[in-house]
1. Quickly work out the residue 245-to-residue 141 label distance, labels modelled 7 Å from Cα along the C-beta direction, and quote it in nm with one decimal.
2. Report for the chain the percent antiparallel among DSSP-assigned beta bridges with both residues inside it, nearest 5.
3. Want the number for residue 36 to residue 93: 0.36 nm per residue separation, take away the alpha-carbon distance, what's left?
4. Name the residue, out of 116, 226, 333, whose mean-square fluctuation peaks in a Gaussian network model built on the chain with Cα pairs under 10 Å.
5. For residue 108 and residue 253 in the same chain, what is the full-extension length gain: residue separation times 0.36 nm, less their Cα-Cα distance, in nm?
6. For the chain, please report how many Lys pairs fall under 17 Å Cα to Cα, leaving out neighbours fewer than 8 apart on the same chain.
7. What's the magnitude of the charge dipole for the chain around its Cα centre, counting Lys and Arg as +1 and Asp and Glu as -1 at the beta-carbon? Answer in Debye, nearest 20.
8. Which Cα, out of 72, 102, 133, lies furthest along the positive dipole direction of the range 49-143 (beta carbon charges, K/R +1, D/E -1)?
Amino acid sequence: MKLRRMRAFVRKEMLEIARDPITIGVALLMPMVMLFLFGYALTFDVENAPLVIVDHDKSVASRALSHQFLNSGYFRLDSAPESEAVAEHAVMTGKVRAFLYIPRDFGRRLASGRSAPVEFVVDGTYASTAAVVSAYGRAILYAFPSGRLDMPIQPEVRVWYNPQLRSRDFIVPGLFAVILMAFPPLLTALAVAREKELGTIMQIYASPLTKVEFIIGKLLPYGLIAFVEMAVVFAAAFLWFDIPMHGSMLLLILLGVVYVLCTVAVGLLVSIIVRTQLAAMLVALIMTLMPSFLFSGLIYPVATMPPFFQAYSAKIPTMYFVNISRGIVMRGAGLDELWYEVVVLIAYTLIVLAAGILLFRKRIG
């Protein structure tokens, strides 16, 4: 009897969702829009950064250094003035990102085995871009023959997991967590709130449906929609953005199911707490999208945040799935490395569901 009631209630929810094309459109279209917008817009890669070169030496060595900058693909020549003041003015006005100053006697000092200092000035207005441009410039200068080649230590730097340092390979796996925390809770938050506004919640109160059956009956249909969203987002990421997959796709999907159940449960809890659809939408956005974007580690590592915000981030499930998705996609991590994040997500889901059942009981009491 309980199974029959549950099946009938789930069927009712699915029919209501199917009759609402706006819900289906938001559920499938908006995550794709968000993925493409942030997938292309959020990038720390620097290509063809405008560069001013002031070469006072005019030697074979100075020209070789200039060509090494321009042939790297990271910089393009904006101008080559004779005056440092002109170069400084170009940086100050934001026309260029950096300038390279090569002093006189650069080539002669190199030929004689002495150190030959050069100056590389970067515009630090945009700190993230400045860090990348500065790193590119240092790498080119360190690779160029200089009077320091007689150093006893010759460092060899290797980058694991993302050797090309492509921002997209780092951003898109993190977006999985943010997108799936943004839209499934938003849709689910409208579920009970809609029942309250339309007055159909009274039919639920009068029915023999138990609290647990009601919560699960609301959870399953929206969980299915969230699973479809996840599949669409994953497919777009790996087929369109060509994100390399170093781990198990099956493991990513299974843990993604755990995460979407968690996000749907969060939205369901919101819908139980508030009374109107507008309030449910606003609360869901404040509780999910904003914290997920800022404090999940999507852009900056959580470890670099102040202690208070690190503690706050630890209470957001998005941070744990960011670690899971990047761990599987970029590093090929397995359950041995990700068990803690999985346990936290499962516990978070159970706690949120228990809170929803408890609060819903108070409402109908």
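1. 4.3 nm
2. The answer is about 30 percent antiparallel.
3. Between residue 36 and residue 93, full extension yields an extra 17.3 nm.
4. 116
5. Working: separation 145, 0.36 × 145 = 52.20 nm, distance 6.11 nm.
Gain on stretching residue 108 to residue 253: 46.1 nm.
6. For the chain, the number of qualifying lysine pairs is 10.
7. In total the dipole reaches around 1440 debye.
8. 72
Here, each number is a calculation from the coordinates, and none is a lab measurement. The structure displayed is predicted, hence computed values, not measured ones. Using ideal geometry, Cβ is built from the backbone for each residue, glycine included, and neighbour counts are taken over all protein chains shown.
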